[in-house]
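To keep things clear, I will list the structure first and then write my remarks on it.
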Amino acid sequence: MILIVAEHAGGKLGKSTLEMVTAARESGREGPITLLVLGSGVAEVANASAAYADQVLVADLPELATYNAELWAAATAQIAQEGEASTVMIGGSRSGREYAPRVAVKLDAPYLEDAIRLTSSGSALQAQRYTYLARVTETVEAEGPVIVVTVKPGSFAPAQAAGTAGEQYDVELTLPTPRVEVTGKSVEKTSRVALTEADVIVTGGRGVGSPENFSAYVEGLADAIGAGVGATRAVVDAGWRPYAEQVGQTGKTVQPGAYIALGVSGAVQHLSGMGKSKHIIAINKDAEAPIFKVADYGIVGDVNQIVPALIAEARK
Amino acid sequence: MNILTLVRQVPDAEARVKINAQAVDLEGTTLVIDGMDEYGVEEALRLRESGAAVEQIIALAVGPKRVEDALRTALAMGVDRAIHVETSERLDAVALSRIVAQIAQAENIGLILVGGQEADWDSQALGAATAERLGWPQLTWTNELKIEGDVLTGRHDVDDGNESFRATLPAVVTTQQGLNEPRYPTLPNIMKAKKKELRKDDLSQYGVQPMVRYVNAEIQTRARRNHMIDGKDPQAAAAQLLELLRNEAKVLS
Ligand SMILES: Cc1cc2nc3c(=O)[nH]c(=O)nc-3n(C[C@H](O)[C@H](O)[C@H](O)COP(=O)(O)OP(=O)(O)OC[C@H]3O[C@@H](n4cnc5c(N)ncnc54)[C@H](O)[C@@H]3O)c2cc1C
């Protein structure tokens, strides 16, 4: 079987899960597509999953109420072993890329990280992935009775529901006691679309000038066109915006239909997180800013003048 | 306790990447210690300076002859000694974690520090794979760290924000920007570093085979439209951009 660990939040199946279903269908790997739902109170997610898989395995346990690398790795490896999985697919989110290597070690399996494309030839699985801060696309290959893969969010089209719903089964797990104790948590919630799910993103850099301007211009434009809000590291480090909004090497990787960068210079570490966006739009007062090299549409101008005009125009 | 800090050597972030014979060609490229690993080296030094019972800080690199330079940088920053497992073979993180785990055991390591993401291969896997091999907890994307006795506390980034944590050593920590500001090696320390031990190990000692084959590499050359709009008349520029987004790119309705 191809075992996909479902990503879900707030009782909803994540878009990345549907992307992994497509990756599984396209991969050429053997076996029925199986979604594994880990969590607590996940009946809704399990029901939603059934439309996309041949079968759904559900572990609905209080211990799994919040993500933990050791628990997720133990659960996934156990189910992969019991089900003799040929392939284990895990979302290429921060947490996915954290526990997937542990699954690979537990299964003594090769690990293909952050795949953007998957193809099989014989018993080998080939994956394309980005390297060198996303400036290079590399092809890697592994062979084995079981291979662990993380799938980069936004790289595959979300799957359509299958004709018939897969059967649901409850699974029993033997879980270890996690050795990391979480003593506090700060969740950075925004009322907007999650960055990795947004189809359009408006990002502000230091060039927007101040936290007040960020609200007026970046949030203002995002609200006018129904977009998510992103920020550069410079803005996050300055304390203008929460880390959850940071795009780049040390922030989120995004691949929206349109990425609108306001007052962003376009440093390589920023480009590595957004350079694969379908359309890139840049507004910067410096005609030499590196962001223009990757832009489809660019305006050389002052955000203080252009953005209010854009917001007014968009609201028309 | 001994701390093991992993050091990789990567092209300088601003360096151009070239491809030759279907692989990245580093000939003539400026190579530096991976910035993410540098935070780990710095943090090891700071933990000792803050009074944690750190006996030795050992830097480890696996790679060709040239990675010695990165180890010399770590030694000049203040690491006590270095181990270089010399190989020109490219090892994936899961294979590499076998070497790291063996060394951690042999050197009686209580804390492993490794960069959160590699600036060349973009992998985030080494810390977690090593932690699993050793049966240790891992903290990834750490931006605050403290040790008291054998208790590790700090803060790290997670999917939807950040968490404070508490764990008992031994542990693996992956580091990132924000954890600290790495120091520059001073000339006297660079001189001193030349006398420090840099042990050479052979890959064959570790019985490690790569599990992933590298097939091909290509530079990303996605053609961009580069359609520039003059911003002198903000109203007109705004109208033109929205028109393009709606009708040409079709990303807005
Ligand atoms: C290990 C490491 C990891 C990193 N990770 C990330 C990451 O994940 N994400 C990230 O973003 N960065 C990251 N960085 C930082 C990165 O190198 C840059 O410093 C950062 O992206 C710059 O942010 P900026 O473009 O907002 O600011 P700046 O570089 O200061 O650029 C501001 C831009 O705004 C323009 N401007 C100024 N005023 C106006 C105006 N009135 N109207 C229009 N334009 C104006 C300027 O011309 C300039 O181009 C990382 C760095 C390191 C070393």
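The values are calculated or read from the model by the stated rules, or taken from the named source; none is laboratory data. Worth saying up front: this structure is predicted, and the values here are computed from it rather than measured. Glycine gets a Cβ as well: all are built from the backbone with ideal geometry, and neighbour counts include every protein chain shown. To get the accessible areas, we keep the full protein, side chains included, count just its heavy atoms, and leave off ligands, DNA and RNA. Shrake-Rupley method; radii C 1.70, N 1.55, O 1.52, S 1.80 Å.
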Would you check which residues across the range A:204-223 are at negative phi, open to solvent by 10 Å² or more (accessible area, probe 1.4 Å) and either within 12 Å of chain B (Cβ to nearest Cβ) or within 8 Å of the ligand (Cβ to nearest atom) (or both) and list them?
A:206, A:207
Could you list all residues from the range B:60-106 that are closer than 14 Å to residue B:185 by Cβ and not in a helix (DSSP H, G or I)?
B:78, B:79, B:82
Quick check on the range B:137-144. Is at least one of its residues assigned by TED's automatic domain parsing to the domain that holds residue B:49 and more than 21 Å from the chain's Cα centre (by Cα)?
no
What is the one condition in (1) open to solvent by less than 20 Å² (accessible area, probe 1.4 Å); (2) facing chain B (nearest Cβ under 10 Å) that residue A:108 does not satisfy?
(1)
Report the residue count in the range B:89-116 for those that are open to solvent by less than 30 Å² (accessible area, probe 1.4 Å) and either farther than 19 Å from residue B:59 by Cβ or more than 10 Å from chain A (Cβ to nearest Cβ) (or both).
17
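Filter the range A:76-102 down to residues that are over 26 Å from residue A:244 (Cβ atoms) and outside any loop (DSSP other than H, G, I, E, B) and give me whichever is farthest from the chain's Cα centre (by Cα).
Top of the filtered list is A:82.
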Considering only strands (runs of 3 or more DSSP E) wholly within the range B:153-242, the ones with at least 3 residues that are closer than 30 Å to residue B:86 by Cβ and at the interface with another protein chain (Cβ under 7 Å from one of its Cβ atoms) are B:213-219
Total residues in the range A:224-239, condition more than 10 Å from the ligand (Cβ to nearest atom) and open to solvent by 20 Å² or more (accessible area, probe 1.4 Å):
4
What are the residues in the range A:150-206 that are under 25 Å from residue B:245 (Cβ atoms), in contact (Cβ under 8 Å) with a residue 24 or more places away in the chain and small (Gly, Ala, Ser), if any?
A:154, A:155, A:157, A:194, A:198, A:204, A:205
Need a quick list: strands (runs of 3 or more DSSP E) entirely within the range A:153-256 having at least 2 residues that are closer than 30 Å to residue A:3 by Cα.
A:167-170, A:180-187
When you scan the range A:115-136, how many residues do you find that are part of a strand (DSSP E or B), more than 7 Å from chain B (Cβ to nearest Cβ) and open to solvent by 10 Å² or more (accessible area, probe 1.4 Å)?
6
